[in-house]
Amino acid sequence: MDRAAWLAERRMAVEADYSSDAATYDDGYDPATPVHRGFVARLIETCPPGGSVLDAACGTGPYIGMVREAGRAVVGVDQSTGMLARARSKYPDVRFAHVGLQEIAFDGEFDAAMCTDAMEHVPPEDWPLVLGNLRRAVRPGGHVYLTVEEVERERRDEAFAEAVADGSPAVDGEAAVLSTGGYHYYPLREQVLGWLAETGLEIVDQADEWLDGYGYHHLFLRTPGL
């Protein structure tokens with residue numbers, strides 16, 4: 001299988017995994033850690049009263065309540081039909097759209113955007129595209145909150161070795177096992193910094209959070225002004 005076909009297959013596997021889990025995804029699980037919530041609150045504060053936030057890869061909507069309670073509008077997009085159905089059941093009056101990160105086409109419609117716990121499903125080829133989509137969706141000078149999942153280097157290398165051993169056309173940092181929802185990509189920090197610079201997204205603040213066997217690099221970004 002060539003790489004393009006493999007990546008398309010992996011993306012479908014991720015979507016199917018999330019959709020199959022959607023109905024019970026919230027049961028006993030909350031992805032919103034205190035660090036996540038702190039950055040989301042800060043993102044909301046950058047928006048004017050009545051402003052709007054794009055929740056990209058919104059999942060079941062763990063942060064939508066925070067945005068609405070703060071008096072801001074929110075639009076949620078996700079590639080998983082199951083996750084969107086669950087989010088709609090919780091927030092029937094919120095606008096949702098079945099759109100993947102690679103297909104986001106908003107142009108200056110939002111005061112801010114967030115993409116939490118989702119970039120790990122984006123292959124390296126698509127990182128510049130997705131970052132560009134998020135930047136374009138936000139008005140000049142607006143902010144973007146992004147998380148990058150990380151694992152220990154040994155685990156990262158082992159996952160890549162397993163993918164290659166299975167005959168997959170994987171590249172360094174990729175994992176394609178069931179425990180990753182079908183596909184994960186763990187970029188090195190210098191790669192992320194390079195893509196951010198190319199996209200024109202400026203790092204305003206950042207924080208590291210380590211959980212049980214994995215962690216997140218939280219990035220608070222600003223788009224270029226006029």
Q: May I ask you to say which residue of 26, 17, 107 is modelled with pLDDT under 95 and assigned to a loop (DSSP other than H, G, I, E, B)?
A: 26
Q. Of the residues 130, 204, 171, which is under 22 Å from residue 7 (Cβ atoms), of a type in the set (Val, Ile, Thr), at pLDDT 95 or above and not in a loop (DSSP other than H, G, I, E, B)?
A. 130
Q) Restricting attention to the stretch 67-116, and to residues there that are closer than 21 Å to residue 21 by Cβ and basic (Lys, Arg), which single residue is surrounded by the fewest Cβ atoms within 10 Å (Cβ to Cβ)? A) 90
Q: Select from the stretch 144-168 the residues that are within 26 Å of residue 35 (Cβ to Cβ), at pLDDT below 95, acidic (Asp, Glu) and outside any helix (DSSP H, G or I) and list them in ascending order.
A: 152
Q. Pairs, please: C-beta under 6 Å, at least 6 apart or cross-chain, first residue open to solvent by less than 70 Å² (accessible area, probe 1.4 Å) and in the stretch 148-165, second at pLDDT below 90 and not in a helix (DSSP H, G or I)?
A. 163/176
Q. Out of all the residues in the stretch 136-143, is one or more assigned to a helix (DSSP H, G or I) and buried (at least 19 other Cβ atoms within 10 Å of the Cβ)?
A. yes
(Q) Between 50, 59, which is on the phi > 0 side of the Ramachandran plot, surrounded by fewer than 17 Cβ atoms within 10 Å (Cβ to Cβ) and either assigned to a helix (DSSP H, G or I) or in contact (Cβ under 8 Å) with a residue 12 or more places away in the chain (or both)? (A) 50
Q) Restricting attention to the stretch 212-226, which residues are open to solvent by less than 60 Å² (accessible area, probe 1.4 Å) and within 20 Å of residue 39 (Cα to Cα)? A) 215, 216, 217, 218, 219, 220, 221, 223, 224
Q.
Give me the residue from the stretch 7-42 that is surrounded by 19 or more Cβ atoms within 10 Å (Cβ to Cβ) and touching a strand residue (DSSP E or B) at 6+ places or on another chain (Cβ under 7 Å) and, out of that set, nearest to residue 220 (Cα to Cα).
A. 39
Q) Restricting the search to the stretch 178-206, which residues are open to solvent by less than 50 Å² (accessible area, probe 1.4 Å), under 27 Å from residue 108 (Cα atoms) and touching a residue at least 24 places away in the same chain (Cβ under 8 Å)? A) 192, 195, 196, 199, 200, 201
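The values are calculated or read from the model by the stated rules, or taken from the named source; none is laboratory data. Given the structure is predicted, the values throughout are model-derived calculations rather than measurements. Here Cβ is always computed from backbone atoms with ideal geometry, including for glycine, and neighbour counts include all displayed protein chains. Just so you know, the surface numbers come from the protein's heavy atoms only, side chains and all, with ligands and any DNA or RNA stripped out. Shrake-Rupley method; radii C 1.70, N 1.55, O 1.52, S 1.80 Å.
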